[in-house]
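These notes are about the structure you will find just below.
The values are calculated or read from the model by the stated rules, or taken from the named source; none is laboratory data. Being a predicted model, the structure only gives us computed values, none of them experimental. Backbone-built Cβ (ideal geometry, glycine too); neighbour counts: all protein chains shown.
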Amino acid sequence: MKIIKLRAWDIKNQYMVTWDEHLDPDEDTYFIDIDNMSVHYNVDPNGYMSKETPAEIMLFTGLFDKDEKEIWEGDIVRVFDKIGEIIWNKDAARFSIMYFWSKHQHIFNIDCDDVIEFKVVGNIYENPELLEAA
């Protein structure tokens, strides 16, 4: 069975909220709201939310890199000597990797056999400089 996992980049607070993160129950509880593309903080048992912030929502691909690290939409991966971004390719209805070289964008679909050479080196929100250097 495929497990669907989400993570969200809290745009306002510049913070990655992961699906399995355990926040201090006395501090924050939260949920990722897909419909409104936001993260809700301080959710009490009655559903009251004291704070909502816009977010970029990302899906887990279901794949792991060569070090057994989860590969997520928005991750930056190294494949041999190239750096690319994991994207959801809506035209192909699958996850793909987007590379830039020779001032052009190149998109390749990801097959399960391909990921044995992938290494997650960051993500587009916390490490955008990795793509700028590519």
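Odds and ends about this structure:
- Candidates Ile107, Ile124, filtered to the one that is closer than 18 Å to Asp65 by Cβ, assigned by TED's automatic domain parsing to the domain that holds Glu68, of a type in the set (Val, Ile, Thr) and in contact (Cβ under 8 Å) with a residue 12 or more places away in the chain: Ile124
- In summary, strands (runs of 3 or more DSSP E) completely within the range 28-120 and bearing 3 or more residues that are closer than 19 Å to Leu6 by Cβ and modelled with pLDDT under 80 occur at 30-33, 38-43, 49-64.
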